[in-house]
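The values are calculated or read from the model by the stated rules, or taken from the named source; none is laboratory data. All of these numbers come straight from a predicted model, not from anything done at the bench. When we count neighbours, we look across all protein chains shown, and the Cβ atoms used for this are built from the backbone with ideal geometry, even at glycine.
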Amino acid sequence: MAAISNFIRSRSGNSAAIFALMMTPLLFAGGMAFDFARAAQARSVIQEAADAAILRAARLRTQDPSLDDAALAAAARRIFDAGVKTLDDLVIDAFALAYDDETEAFTLNLEGDIETQLMAAVGVRTIDIDTLSEVKLGAPAYMEVALALDNTGSMNENGKIASLRTSASALVESLFANPEAEVKVGLVPFAQYVNVGATNAGESWLGAAPAGWTGCVGSRNYPANVEDADYAVNRVPAVDGVDCPDAILPLTDDKGKILAAISGMNAIGWTYIAEGATWGWRVLSDQAPFTGGLSYADLKKRGGKKVLILLTDGMNTKAPTYPLHDSADTTLADTLTARVCEDVKKKEITVYTIAFDVTDSGVRSLLEDCGTTPGHYFAPDNSSELAAAFAEIAASLRTLSLTR
């Protein structure tokens, strides 16, 4: 400091010149430290914004595989811009989002710079802030999925049952595509009744089955008819002389068996949606009648989830008269459907609902309310839209992880 003071006090032109030469690198070094500190702080903000942007784009793509790269990039850019709005000196030269089908990875390459403040005095006007973010689709966590699918007579119209077989099979293929996935799937074909399988005759949870019983069951008295409990006291009534779909397939990790059951679905009978929702819930249970599911406590320990996918192509046309379903009281049927939907969601079971080729506003509203959120509700009008709905559901069940 004494040397600098001597320079300042000196009247010599040579001394002043030498002082100026010494101060220039000192100022430059100070300016570098200041601007690089600003750049480092900006990089942190930029990286966080880029990660949020690519995660958003990846999630959108899993929810809607039809979205093109331009739409995804636009959505990602909106998230990114919101995240860096405090960086007034940031200039983005390139914002490139890409998806690799082979690696199932999304990448976001950013090229840009941040304007300097002090270093600009010596001709250094910008600092590069190029950034790369990557997200990969991962195997779903342990998962149990119950497909409660409308197999009523109206599904024979316009090839709807064939479209359902194709779309549901594609969902199953997607769920089992990753060899690391731990997935079990059950199938509940429903109409006016469900079929629990004639081989269950004599089980403790089932009432006395008549000779020649084919597996059809009716409803226990309310409220047991929309609950999953107390089977020792309130047995499920076996019914005879009625039409019901093919037998329920309990949860299994045998993909071939699941696909065969879906392929064999046949449409017959009237519609009672609550029956499908209730038995879908029971299939996911760890207690009788079906015991293939994990307990909710064990599921939580494994970080897994239970999923109910409920599809119908029309309004309720039948309601219970206990044990039969011979009533035309659609208001009662709607009330029971809404009740079981709420109880299923209270168990933290994720519920997706699909109103397939449904024009009735009442059942559309009923199914939308039944879903976990409005985003879990779909209303496809034709086979291609149905396939897209199932694809979106399958994709939404995948996990996303930042890898860069």
Look through the range 190-213, keep the residues that are closer than 24 Å to L310 by Cα and of a type in the set (V, I, T), and return whichever of them is surrounded by the most Cβ atoms within 10 Å (Cβ to Cβ).
-> V194
State the number of residues belonging to the range 158-206 that are in contact (Cβ under 8 Å) with a residue 24 or more places away in the chain and on the phi > 0 side of the Ramachandran plot.
-> 3
Within the range 63-92, restricting to residues that are touching a Leu at 6+ places or on another chain (Cβ under 7 Å) and within 24 Å of I393 (Cβ to Cβ), the one that is modelled with the lowest pLDDT is L67
Selection from the range 376-390 of residues within 21 Å of I349 (Cβ to Cβ) and touching a residue at least 40 places away in the same chain (Cβ under 8 Å) yields A389, F390
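Take the conditions surrounded by fewer than 22 Cβ atoms within 10 Å (Cβ to Cβ) and touching an Asp or Glu at 6+ places or on another chain (Cβ under 8 Å) and apply them to L324. Does it pass?
No; evaluated as a whole, the condition is false for this residue.
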Subset tally (residues that are modelled with pLDDT of 90 or more and either of a type outside the set (A, V, I, L, M) or in contact with a helix residue (DSSP H, G or I) (Cβ under 6 Å, 6 or more places away or on another chain) (or both)) for the range 380-393 = 9
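Answer yes or no as to whether E134 is farther than 25 Å from L308 by Cβ, in contact (Cβ under 8 Å) with a residue 40 or more places away in the chain and of a type outside the set (V, I, T).
yes
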Name every residue in the range 55-109 that is crowded, with 17+ Cβ neighbours inside 10 Å and among the aromatic types (F, W, Y), in order of residue number.
-> F80, F95, F106
Quick one: how many residues across the range 225-250 are under 20 Å from R165 (Cβ atoms) and surrounded by 16 or more Cβ atoms within 10 Å (Cβ to Cβ)?
-> 7
